[in-house]
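Here is the structure we will look at.
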Amino acid sequence: MTISDNGNVIETIVLSDYDYYGQEAMHNLFREKGFQQLSDEELKEKLEARDQKEKEEEMNRTKIMDERRAAMAAAAAEAKTIREEKEKEEQELELELEQEMQQKTSEL
């Protein structure tokens, strides 16, 4: 067993060394190291709370990603609209210039 604090290894214990002394020695070791023995109900509650928290975090990540995708799609749509408007203006300008050239040609 390796006991660490924020990723820093504090102590490594070979649990098989405690097999000879029995289960009570192992329980004493864990109590000495600050572990708490939980009842089945307490363990179930802690695991359910952890699972619920993980589920909420995943839902939050999904929501954030969905919002980012929506924002990117909106930005892409806006860019497309701007590009299409610019192309339309260019076409109108070209048509206007062509009409002016035809008018001047016919006047000659």
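The values are calculated or read from the model by the stated rules, or taken from the named source; none is laboratory data. Note that the structure is predicted; figures quoted are calculated from it, not measured. Quick reminder, even Gly has a Cβ in these numbers, built from the backbone with ideal geometry, and neighbours come from all protein chains shown. Just the protein is used for accessible areas: all its heavy atoms, side chains included, with ligands, DNA and RNA removed. Shrake-Rupley method; radii C 1.70, N 1.55, O 1.52, S 1.80 Å.
Considering GLN37, GLN102, GLN91, which residue is over 33 Å from the mean Cα position of the chain (by Cα) and surrounded by fewer than 10 Cβ atoms within 10 Å (Cβ to Cβ)? Please lay out each step first, then the result.
On the way: GLN102 fails: surrounded by fewer than 10 Cβ atoms within 10 Å (Cβ to Cβ); GLN91 fails: surrounded by fewer than 10 Cβ atoms within 10 Å (Cβ to Cβ).
Going through GLN37, GLN102, GLN91 in turn, the sole match is GLN37.
Filter the range 12-34 down to the residues that are over 38 Å from the mean Cα position of the chain (by Cα) and open to solvent by 60 Å² or more (accessible area, probe 1.4 Å) and list them by number. Break it down stepwise before answering.
From the range 12-34, those over 38 Å from the mean Cα position of the chain (by Cα) are 16-29, 32; that's our starting set.
Selection gives SER16, ASP17, TYR18, ASP19, TYR20, TYR21, GLN23, GLU24, ASN28, GLU32.
Select from the range 2-57 the residues that are outside any helix (DSSP H, G or I) and of a type in the set (A, V, I, L, M) and list them in ascending order.
Residues of the range 2-57 outside any helix (DSSP H, G or I): 2-14, 22, 33-39.
Listed by number, the residues that qualify are ILE3, VAL9, ILE10, ILE13, VAL14, LEU38.
Need pairs with beta-carbon distance below 8 Å; first residue touching a residue at least 60 places away in the same chain (Cβ under 8 Å) and among the charged types (D, E, K, R) and within the range 24-44, second outside any helix (DSSP H, G or I) and open to solvent by less than 100 Å² (accessible area, probe 1.4 Å); sequence gap 6+ or separate chains.
Note: no pairs meet the criteria.
Is it the case that GLU24 is in contact with a Ser or Thr (Cβ under 9 Å, 6 or more places away or on another chain) and of a type in the set (D, E, K, R)? Give the steps one after another, and end with the answer.
Details: in contact with a Ser or Thr (Cβ under 9 Å, 6 or more places away or on another chain): no; of a type in the set (D, E, K, R): yes.
The answer is no for GLU24.
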